[in-house]
Amino acid sequence: MSDNLLEVERIAKRYGGVQAVKDVSFNLARGEILGLLGPNGAGKTTAFNMIAGFVAADSGRIRLNGRDITGKRPWGVCKSGLARTFQLSKPFGGMTTRENLIVGALVKTNDRKYSVERADELLDFLGMREIADVDADNLTAFERRKVELGRALSTDPALLLMDEVVAGATPQEALLMVQLIKQVRDRGVTILIIEHVMKVIMGLSDRVIVMHLGELIANGAPTEVVRQPDVLKAYFGDDYAGADA
Ligand SMILES: Nc1ncnc2c1ncn2[C@@H]1O[C@H](COP(=O)(O)OP(=O)(O)OP(=O)(O)O)[C@@H](O)[C@H]1O
Ligand SMILES: [Mg+2]
């Protein structure tokens, strides 16, 4: 079996005149935390959506655990072992925290008793006992992010995709989220994470990839990638400080 849990091969997506993602390829090793960076509009979420089955790729191949998942719908991708969270968190409103987690667990099983046990275990893991019976509509933004993370984990994923986990969080909340994500990985989950907050990405990622205008422009160790001229240019323009200084 390949060491790579995820293999992405030349995926592409065009929206009208915009080539949102252009022949992007990368692998994700088992147990790795891979950060996906890039300025606004780089194509990060579109790439995510193709991998998770929310958007059909125009071309390219996606393999999870050695199996081709290209063209599968989100439900099928999720059953294959991939869960995701959204840039704008979307827990199920009108349901409590516990119910959100139970619904997630039921993706993989019809065993109601197991799904409740799984939900309760995740309530403890994420420190959400106090909000277990609160409707997701009445939670703070950060609590909603945690519920969404819990719902993703309740499907027992091999691979977790997270799109901007600390947007709008306080510094303390961001720190808490970083610790949680590390603990998630220590439980054997491989993670692909989009995040704009550099401190979070640098503290979490084993490796980072960078997208710009739909293309992959860098792939390597976090501290090395953020020094590459192409990457600095993508963020700060041609005249970024340091180009000539
Ligand atoms: N559903 C869509 N219809 C038309 N254009 C789209 C659609 N989704 C994305 N795009 C365009 O594709 C490009 C990439 O967008 P995408 O959301 O993937 O970027 P991103 O890297 O996630 O940006 P951000 O950091 O702002 O979230 C942008 O030019 C965007 O306007
Ligand atoms: Mg995005």
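The values are calculated or read from the model by the stated rules, or taken from the named source; none is laboratory data. Please read these numbers as outputs of a predicted model, since none were measured by experiment. Don't worry about glycine lacking a Cβ; one is built from the backbone with ideal geometry, like all the others, and counts go over all protein chains shown. Areas reflect the complete protein model, heavy atoms only, side chains present, ligands, DNA and RNA absent. Shrake-Rupley method; radii C 1.70, N 1.55, O 1.52, S 1.80 Å.
In plain terms, the chain from Thr140 to Glu121 could stretch by 4.7 nm, reckoned as 0.36 nm per residue minus the Cα-Cα distance. Here the peptides 139-145, 81-87 are ranked by packing, the mean other Cβ count within 10 Å, and the order with the highest first is 81-87, 139-145. Rounded to the nearest whole Hz, the Karplus-based 3J(HN,Hα) values (6.51 cos²θ - 1.76 cosθ + 1.60, θ = phi - 60°) of region 215-224 follow the sequence 10, 7, 10, 7, 7, x, 5, x, 5, 7, with x at glycine and proline. At a 1.4 Å probe, what is the % contribution of carbon and sulfur to the accessible area of region 91-156? C and S fraction of accessible area: 48 percent.
A straight Cα-to-Cα reach below 28 Å connects Lys13 with the lysines Lys22, Lys44, Lys72, Lys79, Lys90, Lys233, residues fewer than 8 places away in its own chain not being considered. Around the amide H of Leu6, modelled in the peptide plane, lie the amide H atoms of Leu28, Asn65, all under 5 Å away and 5 or more residues distant in sequence or on another chain.
Provide the percentage of antiparallel DSSP beta bridges, counting only those with both residues in the chain; round to the nearest 5.
Numbers: 21 of 37 bridges.
Once the DSSP bridges in the chain are tallied, antiparallel ones form about 55 percent.
Take the Cα of Gln183, step 7 Å toward its Cβ, do the same at Tyr15, and the gap between the two points is 3.6 nm. Spin-label pair Tyr114-Thr223: with each label point 7 Å from Cα along the Cα-Cβ axis, the two points sit 4.4 nm from one another. The distance linking region 127-147 with region 7-63 is 30 Å (Cα centroid to Cα centroid, whole angstrom). Once the 1.4 Å probe is applied to the protein heavy atoms, the chain comes out at 47 Å² accessible per residue.
Between the residues Met198, Gln183, Ala167, the greatest Cα displacement towards the positive end of the dipole of region 142-202, with unit charges on the Cβ of Lys, Arg, Asp and Glu, is found for Gln183. For a Förster distance of 22 Å, can you work out the FRET efficiency between the beta-carbons of Asn40 and Thr170, rounded to the nearest 0.05? For Asn40 and Thr170, the calculated efficiency is 0.45.
If you average the sequence gap of Cα pairs under 8 Å that are 6 or more apart and divide by the length of region 1-76, what percent do you get for the contact order? Could you put the intermediate results ahead of the total?
Numbers: 131 pairs, mean separation 28.1, N = 76.
The normalised contact order for region 1-76 reaches 37 percent.
Percent antiparallel among DSSP beta bridges with both residues in region 99-245, to the nearest 5?
Values: 5 of 10 bridges.
Roughly 50 percent of the DSSP beta bridges within region 99-245 come out antiparallel.
Which length gain, in nm to one decimal place, applies between Asp206 and Gln87 when the Cα-Cα distance is subtracted from 0.36 nm times their residue separation?
Details: separation 119, 0.36 × 119 = 42.84 nm, distance 2.16 nm.
Computed gain between Asp206 and Gln87 is 40.7 nm.
First obtain the Kirkwood hydrodynamic radius of the chain from its Cα pairs, then insert it into the Stokes-Einstein equation at 20 °C and 1.002 mPa s, and state the resulting D in µm² per second as a whole number. Numbers along the way, then the final one.
Details: Rh = 18.6 Å.
Estimated diffusion coefficient is 115 µm²/s.
Shown for the chain are no DSSP H helices, since none reaches 30 Å along its axis, judged by Cα atoms, with a mean Kyte-Doolittle hydropathy of at least 0.0.
Where a ≥ b ≥ c are the square roots of the eigenvalues of the C-alpha gyration tensor, would you call region 91-156 rounded, which needs a/c under 1.5, or, failing that, prolate if a/b is larger than b/c, or oblate? Intermediate values should be presented prior to the final figure.
Details: a/c = 1.80, a/b = 1.61, b/c = 1.12.
Taking the square roots of the gyration eigenvalues as a ≥ b ≥ c, region 91-156 is prolate.
Around the Cα centre of region 90-167, unit charges on the Cβ atoms of Lys, Arg, Asp and Glu (plus for the first two, minus for the last two) sum to a dipole of about 160 debye.
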